[in-house]
Structures are given as C-alpha cells and as structure tokens.
1. What about residue 272, is it within 22 Å of residue 194 (Cβ to Cβ), in contact with a Ser or Thr (Cβ under 8 Å, 6 or more places away or on another chain) and not assigned by TED's automatic domain parsing to the domain that holds residue 72?
2. Can you name the helices (runs of 4 or more DSSP H) wholly within region 23-78 that have at least 2 residues being farther than 21 Å from residue 11 by Cα?
3. Applying the selection to region 291-313, what residues are buried (at least 17 other Cβ atoms within 10 Å of the Cβ) and either in contact with a Pro (Cβ under 8 Å, 6 or more places away or on another chain) or among the basic types (Lys, Arg) (or both)?
4. Name the residue, out of 336, 322, 327, that is surrounded by fewer than 17 Cβ atoms within 10 Å (Cβ to Cβ), within 23 Å of residue 87 (Cα to Cα), among the aliphatic types (A, V, I, L, M) and at pLDDT 95 or above.
5. Does any residue of region 74-82 turn out to be under 30 Å from residue 336 (Cβ atoms) and at pLDDT 95 or above?
Amino acid sequence: MRIVSGIQPTGNLHLGNYLGAIRNWVSMQDSIEEQGGECLFFLADLHAISMPHEPAVLASNTREMVAALVACGIDPDRSTLFNQAQVPAHAELQWLLNGTARMGWLNRMTQFKDKSGKNREGASIALFTYPVLQAADVLLYQATHVPVGEDQKQHLELARDIAQKFNNDFASEEAPVFTLPDPIIPTEAARIMSLRDGTAKMSKSDPSDMSRINLTDDADTIMQKVKKAKTDPEPLPSEVAGLAGRAEAANLVGIYATLAGTTPADVLRDFAGQGFGAFKPALGELLVAKLAPINARFVELRQDRAALDAILRQGAQKARALAQPTLEAAYTALGLVRG
C-alpha cells in the first residue's frame, strides 16, 4: 500500500489547515506504517505557479509548510516529504500524459471553471492542465491510494481515466505501466469555519486576523480570539438539532469536538444549558493544550532554513529514486528513444 498526497504551499497556516488536512496525514503515516506500507507527501509548488504568485513568497511558503508538517507530526524519516520542483519527473510525466488526456475530459473539470472565473481566456494553460499534473503526481509513484476531499474526487477519477487509457493504448493487461489508485475519503475531514462568520471557511485570505487561529498564535492570542469569536446570546442546546440556524455556535462546538476526538452530541451533553461565557474558556484551554506543542516546534523550525532545505533534499532524493522506474516505463511504452 502506497499513499501519495500533496498540498499547496501557502503561508499563514491556521487551525483549518491542521484539522482539515494535516492531522489526517499524520494519522495515515502512523496507520500505514503499521501495515507495512509507505506515505509520500509533497509540497505542490509546481501547481502553485498555475496562478499569479510572488516567487520569493512561494519559496518562503514552501519552507514554512515543511516546518508546519514536521511540527504537526510528519516524520521525514518515516514518510517521504519533498517538493515537486526537486523531482523533475513530475513535469516530465505530465507532458507524456498530455498525449493521453483529452480536451473534453479537462473541459469538464469544475475547479478550472471556479478558479478561472469570468476570464477563462486569460487563465494560464497551467491552470487548465493542472489535473494532468495531479495525475502525474500520483501515477508516477504507483500510488495505490490517494486521500481526497469532495472537491478533488473528480480529479482522481480523471487520473484513473488517463492511467486506464494509457495502459490500454501502450501496454498490456498483464504488464500495465500505471496502477489505478483508489480514493481514501478521510473520516475526519473537519470543515473549520471563520470565527467571525460561521458560514465562511476559515481562511488566510480573510482580512481579519481575528477570524482564524494561526499555528503561530501564542496561548494569550488564542484565548483572546476565542473570547471575541462571534456567537449568539442563546445557551448551548442539549442536542445537535438545536444548533440549526446557529452557524457560529455550531462551528465552535465542532472545533471542540474535533480537537477532543469526540462528537458534537457528546460536547452538547457536557455543556447543555451553559452560555458561551462558560464554553469559550473551555474551548480556548483545549486549543492551547493541543496547539502549544505544535506552535513551539513550528516557530523553532521555521527559523532554521538549512534544516528545512535538508529535509526537502532528503525527501526529493528518495522520491526521484521511486519515480524513475515508472518514468522510464512510460518513455519506453510510448516508443521514445532514450540514451
């Protein structure tokens, strides 16, 4: 079993990033290792250039993401952690797969429509072919499983279609070039909302820093943000149904439940009838307890550029070795002569 997953290097990592994706990676690392499998986690810096970006910011964000992943529990000695740009096989295989991918398939990708907006003619080619690079990312390593959220299921289906067509056209059933990866739908894919608007996702792009809990926030800042989080005057209900129409209350209860490893129903059973004057301090203390060790390690690591670069070099070396046999098989299957 081989799991491959990537994440775009973005700055200002927050609670939503941790609970929504990174924590699941740590869990997979531990469980897959017990089964004798392996995990490859990469920083999708090649994907990042499909949209306008500042080069210096991208480089900084890539190192910051490495620091965050390691601080959260990804162990570079147990998982392969690297960035795409140090493994040229990702870009090479994307080009080889471009001959198999079809315009009609890509035209159906909803994320291109969402990200390009009304200016589709002005969008980059990279944004349009983004899903082919995603296919290369996982097919390159013969991934057996890929964790996906609802927004990425369509892209994994495309990767399977590309792999199947390539195998049918250029290989045999007995000796396929690519493994068709299966999806893993995380059971704990927490959807963390803004502390200022319970109907909007927690985001680094929100102009208000009070809308999110950053991984760099200290204990006092966390407590202050939770204290000022938007709520309503009603006490907490005894059942989940009582949270209907109370987006901010539901969000805070959900954050507590996710951090505590329990359910909103259990949280409400413990706090039923209490106001937010009692619940917020309890939530703040739980956040501090869970995030303080991550914060300390993250702040320490992000200052050590040499250590972060060494982690990426080590991971890229392992990834290049794993990728080479598949890349060579693809070149050979296509009839491309290599010296």
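The values are calculated or read from the model by the stated rules, or taken from the named source; none is laboratory data. Because the structure is a prediction, the values reported are computed rather than measured. Cβ atoms come from the backbone with ideal geometry, glycine included; neighbour counts cover every protein chain shown.
1. On the way: within 22 Å of residue 194 (Cβ to Cβ): no; in contact with a Ser or Thr (Cβ under 8 Å, 6 or more places away or on another chain): yes; not assigned by TED's automatic domain parsing to the domain that holds residue 72: yes.
In short, no.
2. Qualifying helices (runs of 4 or more DSSP H): 23-34.
3. Hits for region 291-313 are 297, 302, 311.
4. On the way: 322 fails: surrounded by fewer than 17 Cβ atoms within 10 Å (Cβ to Cβ); 327 fails: surrounded by fewer than 17 Cβ atoms within 10 Å (Cβ to Cβ).
The unique qualifying residue is 336.
5. Narrowing region 74-82 to residues under 30 Å from residue 336 (Cβ atoms): 80, 82.
Going one step further and asking which of them are at pLDDT 95 or above, we end up with 80, 82.
Scanning region 74-82 turns up at least one residue that is under 30 Å from residue 336 (Cβ atoms) and at pLDDT 95 or above.
One line per residue, one yes/no per condition, for (1) at pLDDT 95 or above; (2) surrounded by 15 or more Cβ atoms within 10 Å (Cβ to Cβ):
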| residue | (1), (2) |
| --- | --- |
| 172 | no, no |
| 179 | yes, yes |
| 216 | no, yes |
| 222 | yes, yes |
| 231 | yes, yes |
| 235 | yes, yes |
| 246 | yes, yes |
| 252 | yes, yes |
| 265 | yes, no |
